[in-house]
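> Structure provided below as structure tokens; questions to follow.
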Amino acid sequence: MSVQVRAPRLEALIAQVTALDELAQRVQVDDFAAGRSAAAELSAAYDIWFTDCLPLLPSDLCKKFRFEYEGNVAALRYRIRHFLHEPVRPRPKLFGGGNGKPSEFTGILGYWQHPYNDRFKGPIGTQRKLLMEALSRLNSAAVTPAPTPTRVDTFDLLERLTRRMPEMYAVLANCGHGQTAVRIQNEYDVQRVLHAVAMLHFDDVRVEEPTPSVASGSSRLDFLLKDERVAVETKYMRPDLTTKRVREQLANDILYFRAHPDVDALFIYIYDPKRRITNPRGFERDLAELSESLRIRVVVAT
């Protein structure tokens, strides 16, 4: 993407921070119903903004940018994800929470479990600075030789590919000239198409890679990106598959994936054509926290 295209897009995304912040200020208010409504609107808007930002950031800035969203639960470093996941959750009474109106609360630690200032305003302010740094580098690159391109983060590449795969499914299903349409009807169809796409971008893609035995049991990875050390697991939301069951299946599989000597991270792709998952972004965030020792990225595509 050229500087002439990237720079205006970065400027537009930087300008959107103000609107996102104003929306976030409407979340933690005395009227809980209004707060939840604003939180739902914010979550949808932020998700689009966040996804649009990622491909425009250099890898070093992208890592910092993503941290301001994901945080680190093990280190008690909470960020935007936690604000969006539990936007109007009061702090437990034991730690300073209480009843009554939030605006009238006088406790030292504050009323909210994930307060706006710490969990949204500060982190998105940092994200804005990172976007401005990316824009500054672009402007400098316009008058100086470009540095050697950095390797695209595997998670970011997989996320961009899988979020757009439903568009590809639509093309495959709409065949003319008497050709047979390709329809995605089960998990094996999803795996087959994703395997073909992965082969275009990665050198060593291993299908149904077996895992080591754990507690007298074993499993198989749908794919292993050997050089990148990333396992890929796919799911298709059929009528009899619930979100609870998906969570249970993945929690069990992760026990085996962690034992694989060539796996440092797990990418989970869930195709949900009938929109059975009512809160896809929240479900992504929940699944990403299934393991503290394994990096996990989740994409729910519809």
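> What are the residues in region 111-125 that are surrounded by 18 or more Cβ atoms within 10 Å (Cβ to Cβ) and under 21 Å from LEU61 (Cα atoms), if any?
ARG119, PHE120, PRO123, ILE124
> Which numbered condition trips up VAL300, out of (1) crowded, with 20+ Cβ neighbours inside 10 Å; (2) more than 19 Å from ARG160 (Cβ to Cβ); (3) β-branched (Val, Ile, Thr)?
Unmet for VAL300, out of (1) crowded, with 20+ Cβ neighbours inside 10 Å; (2) more than 19 Å from ARG160 (Cβ to Cβ); (3) β-branched (Val, Ile, Thr): (2).
> Cβ-Cβ distance below 6 Å, separation of 6 or more or different chains: which pairs start in region 262-277 with a residue that is within 13 Å of ASN186 (Cα to Cα) and assigned by TED's automatic domain parsing to the domain that holds VAL232 and end on one that is among the hydroxyl-bearing types (Ser, Thr, Tyr) and buried (at least 18 other Cβ atoms within 10 Å of the Cβ)?
Listed pairs, sorted by first residue: TYR271/TYR236.
> I've got another one for you. Please work out which residue is nearest to ASP153 (Cα to Cα), limiting yourself to region 61-95 and to residues that are in a helix (DSSP H, G or I) and modelled with pLDDT under 90.
PHE95
> Looking at ARG206, is it at pLDDT 90 or above, in a loop (DSSP other than H, G, I, E, B) and more than 26 Å from LYS63 (Cβ to Cβ)?
It is false that ARG206 is at pLDDT 90 or above, in a loop (DSSP other than H, G, I, E, B) and more than 26 Å from LYS63 (Cβ to Cβ).
The values are calculated or read from the model by the stated rules, or taken from the named source; none is laboratory data. Remember, predicted model here, so these are calculated numbers, not experimental data. Cβ coordinates were reconstructed from backbone atoms using ideal geometry, including for glycine residues, and neighbour counts include every protein chain displayed.
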